[in-house]
Structures are given as structure tokens and as C-alpha cells.
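Encoded as C-alpha cells, the structure appears first; notes follow it.
The values are calculated or read from the model by the stated rules, or taken from the named source; none is laboratory data. The shown structure was predicted, so the numbers you read here are calculated from the model rather than taken from an experiment. Remember, those area values only see protein heavy atoms, side chains included, never the ligands or the DNA or RNA. Shrake-Rupley method; radii C 1.70, N 1.55, O 1.52, S 1.80 Å.
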Amino acid sequence: MPEALLQFGLVSYTNGAVEFGGPVMALAALSGVLLWLLSVACGALLSGSLVYAVVDLQRTGGSSAGACLKRGVKVLPKVLIITILVSLITGAGFLLLIVPGVILSLMFAATIPAAVVEGLGPIEALKRSNELTKGYKGLLFITYFLWGVLVGVTSLLVAWSFADGGGMGVLPTLLKGATVILEPRF
């Protein structure tokens, strides 16, 4: 919600501006940085809270969203630092020809759970994640790949369902185009 409000305010301001320069560009840059920070902070809060939710479900068979969020806020600074650190390390790896970035992202896949569950600091959590993922990088890669395909296909289906104002005009057009192409010509 805060992201949407910030974007709405920026769009409203820039639509009212006569020319797109100077103060508008500065506002756009500042709001871009704020959106990025907000996105990273919200992701870190969600990551820490979800770790607590999974641990609660495993230990007690139930979980409370409010309690998990409250504990997630307590570890937010640590998780935020870890998130930024892992992003910088894997980003550098991706700049080095993709494969090192993939390997590093698999190596640090368990960093946040290690930090939250075991109460480790950022560097110790990176080391612990490396230990936990040894021998499982292939399985992690396949899991992340399949999850990515599932999320991508679902996103496409949702976006497609809203195409043409939800009026289902896209599907009949696509089907008609496919049948015309496949239609035998005699």
C-alpha cells in the first residue's frame, strides 16, 4: 500500500507539471530510491516473519500472523542488513557471467532462516547458509527453477485474464487466429 501511494503521488505530481525537468527529475529519483528501500524493507519483514511462521507450524502445529509479524519486526534490522549484503554479493556474482551469481544465490539461500532461527549475525548466517546448502545446490537449483516457472506462468495467466478489461476478447481472438492458421485450404 505505501508503494502504491508513493507511486500515485509521483504520477499525480508529474502529470500536473508543465515540463519534466529539474525538480520533477529530483522527485522522481528520490521516490525511486524510497520505493526501492520500502520494497527491500517490506521484503525483509516478510522474510523474517515467514521464517517464524514456518518454525511455529513445525513446532506447535499452528501460527499467528500477528505474533510472527511482531517477531519479524524485532529481527528486521538484522534481516535487512543480510538482505542487502546477499543482494550485493549475488549481484556481483551475476555481473561476473551469471553462473557465479547463481552459485552464490544457492549458497546463501538459507541465510535468513539461519539468522532468524539460530540467532546468528549477518556474517555467521552467511557461513551457516553455506554449510547448510553443501551437497544440495542441485536440488535447490531445480526447486528454484521450477518455482520460477510456476510463478512466471501464473503471472502470465493473471495478466492475460485482465487483458482487454477482463472482457475475454483476447482468448477468442487468439483461438480464432490459431484455427485460421491451422485451417486446411482446398
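Descriptive notes on the structure:
- Database remark: amide H of residue 63 closer than 5 angstrom to no amide H (H placed geometrically; neighbours at sequence offset of 5 or more, or on other chains; Pro and chain starts carry no H).
- By the Stokes-Einstein formula, at 0.890 mPa s and 25 °C, the range 20-153 with its Kirkwood radius over alpha-carbon pairs has D equal to 149 µm²/s.
- Using a probe of 1.4 angstrom and keeping all protein chains present, the accessible surface of the range 61-115 works out to 54 square angstrom per residue.
- Couplings 3J(HN,Hα) of the range 98-108, computed from phi: 6, 4, x, x, 5, 4, 5, 5, 6, 5, 9 Hz, in residue order, whole Hz [Karplus 6.51 cos²θ - 1.76 cosθ + 1.60, θ = phi - 60°; x for Gly and Pro].
- Within the accessible area of the range 31-174, the carbon and sulfur atoms contribute 76%, probe 1.4 Å, all protein chains present.
- Using θ = phi - 60° in the Karplus curve 6.51 cos²θ - 1.76 cosθ + 1.60, the 3J(HN,Hα) couplings for the range 30-44 round to 5, 5, x, 5, 5, 5, 5, 4, 5, 5, 5, 5, 5, x, 5 Hz; x is entered for Gly and Pro.
- Using a probe of 1.4 Å on the protein chains alone, the accessible area found for residue 137 is around 50 Å².
- Sequence of 59, 128 when ordered by accessible area, the most exposed leading, probe 1.4 angstrom: 59, 128
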